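In what follows, a structure is listed as structure tokens, so that the remarks can point back to it.
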Amino acid sequence: MSHSKLKKLIVLGLFAAIAFVATALLRIPMISFLKYDPKDIIIIIGGFIYGPAASMAIIVAVSVVEFFTISDTGLWGLLMNIISSASIVLPAVLIYRKDRSLRGAIIGLGFGCVLNVLSMLLWNYIFTPFYMGQPREAVAALLLPVFLPFNLFKSTINVLLTFLLYKPVSKALVNSRLLDKTVTTNRTGKFKLVPFIAGLLLLIVVLITILYSILT
């Protein structure tokens, strides 16, 4: 194994460990059974550095460890954890990897926040009845007064903190020689940014349409 690959594995393991500890120690009860945790901040930063595949590896690793240790929501909770993190992390990471600039970070984090809030309304409507043991109508009644404000608060806080922490964290890793400076420099992505953003907008419109049909 090359030295650079070893450093990458060390940093990814560090991010996964910090994300799990943040989940275990900093979970804050919010509304009903919902709890805020900051793990998505660490995962997005890891994705900004190493890309979407690395961020998904962290998401799955942390969710599985959480499932076997501190989670009380079973397999449904494991699935929801992965979906929730992926819906905010992947749009942010994919856009930023294409445009490594302040603009790219803002656009990526903004799309991640919006997609997470909307998609989690749909996924909560589909999956929450299974692990709450409640009829779907009861869960639907909670979408706007409970799930919407919670997910909006959680996503907004996480993207704002990511925006503030990414540069200091990446600089600290470079200074500690755990990260090569070239990893954080601008590079061209393999997909076209405009069609990707157009696809995200279309997905958001579809989600809004589905949610409107559910709530009316």
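Extension gain F130-I106, at 0.36 nm per residue separation less the Cα-Cα distance, in nm?
Stretched fully, the F130-I106 segment lengthens by 5.1 nm.
Identify all aspartates and glutamates with a Cα-Cα distance to K35 below 19 Å; exclude those on the same chain that are fewer than 8 residues away in sequence.
E66, D72
When the helix-only estimate is applied to the chain (DSSP H runs of n ≥ 4, each -39,500 (n - 2.57), divided by the residue count), what is the mean residue ellipticity at 222 nm, nearest 500 deg cm²/dmol?
-26500 deg cm²/dmol
Could you give the nm distance between label points at F68 and I210, where each point is 7 Å from its Cα heading toward the beta carbon?
Simple spin-label model gives 3.1 nm for this pair.
Does region 33-74 come out rounded, prolate or oblate, given a ≥ b ≥ c as the square roots of the eigenvalues of its C-alpha gyration tensor, rounded meaning a/c under 1.5 and, failing that, prolate meaning a/b above b/c?
Oblate.
Provide the convex hull volume over Cα atoms per residue for the chain, in Å³.
In the chain, the Cα convex hull volume per residue is 118 Å³.
Once the Cα atoms of helix 52-69 and of the chain are each reduced to a long axis, what angle between those two axes, in degrees from 0 to 90 to the nearest 10, is obtained?
60
In which sequence would S55, S71 go, from the one with the fewest C-beta neighbours within 10 Å to the one with the most?
The fewest-first ordering by Cβ neighbours comes to S71, S55.
Pull up the cross-link candidates among the aspartates and glutamates for K154, meaning alpha carbon to alpha carbon under 16 Å and not fewer than 8 places away within one chain.
Candidates past the 8-residue exclusion: D37, D40.
With θ set to phi - 60°, apply the Karplus curve 6.51 cos²θ - 1.76 cosθ + 1.60 along region 34-47 and write out the HN-Hα couplings as whole Hz, x wherever there is a Gly or Pro.
7, 10, 7, 9, x, 4, 5, 4, 5, 5, 5, 4, x, x
Would you kindly derive the ³J(HN,Hα) couplings of region 92-100 from the backbone phi angles with the Karplus curve 6.51 cos²θ - 1.76 cosθ + 1.60 (θ = phi - 60°), listing them in order in whole Hz, with x for Gly and Pro?
Running phi through 6.51 cos²θ - 1.76 cosθ + 1.60 with θ = phi - 60° gives 4, 5, 4, 5, 5, 5, 7, 10, 7 Hz.
State, as an integer percentage, the relative contact order of the chain based on alpha-carbon contacts under 8 Å between residues 6 or more apart.
About 22 percent, as a whole number.
What's the angle, to the nearest 10 degrees (0 to 90), between helix 193-215's Cα axis and the longest principal axis of the chain?
Helix 193-215 and the main axis of the chain meet at about 20 degrees.
Helix 148-175 sits at what angle to the longest principal axis of the chain, using alpha carbons and giving 0 to 90 degrees rounded to 10?
So the helix axis and the longest Cα principal axis differ by about 10 degrees.
Using +1 at the C-beta of Lys and Arg and -1 at the C-beta of Asp and Glu, which of V169, G110, L75 has the Cα lying farthest in the positive direction of the dipole of the chain?
The residue sitting farthest along the positive end of the dipole is V169.
For a test of the definition: using alpha carbon positions, the gyration tensor, and the 1.5 limit on a/c, classify region 94-209 as rounded, prolate or oblate.
The shape class here is prolate.
So, with +1 on the Cβ of K and R and -1 on the Cβ of D and E, and no other charges, what is the size of the charge dipole of the chain about its Cα centre, to the nearest 20 debye?
Roughly 1020 debye for the chain.
Can you sort K98, K167 from fewest to most other Cβ atoms within 10 Å of each residue's own Cβ?
Least to most surrounded, the residues fall as K167, K98.
Taking neighbour counts of Cβ atoms within 10 Å as a proxy for exposure, in what order, fewest first, do I208, I88, I18 appear?
I208, I18, I88
Please list, in chain and number order, the residues 5+ apart from Y36 or on another chain whose amide H is under 5 Å from its amide H, with Hs placed from the backbone.
Sorted by chain and number, the residues that satisfy this are I28, M30.
Structure shown: which of K5/K39; K8/K98; K8/K181; K5/K181; K7/K39; K7/K98 lie over 18 Å apart, alpha-carbon to alpha-carbon?
K5/K39; K8/K98; K7/K39; K7/K98
Quickly work out the Y36-to-L6 label distance, labels modelled 7 Å from Cα along the C-beta direction, and quote it in nm with one decimal.
4.1
All of the numbers you see were taken from the coordinates with simple rules; none came from a lab. In this text, all values refer to a predicted model and were calculated from it rather than measured experimentally. We place every Cβ from the backbone using ideal geometry, glycine too, and count neighbours over all the protein chains shown.
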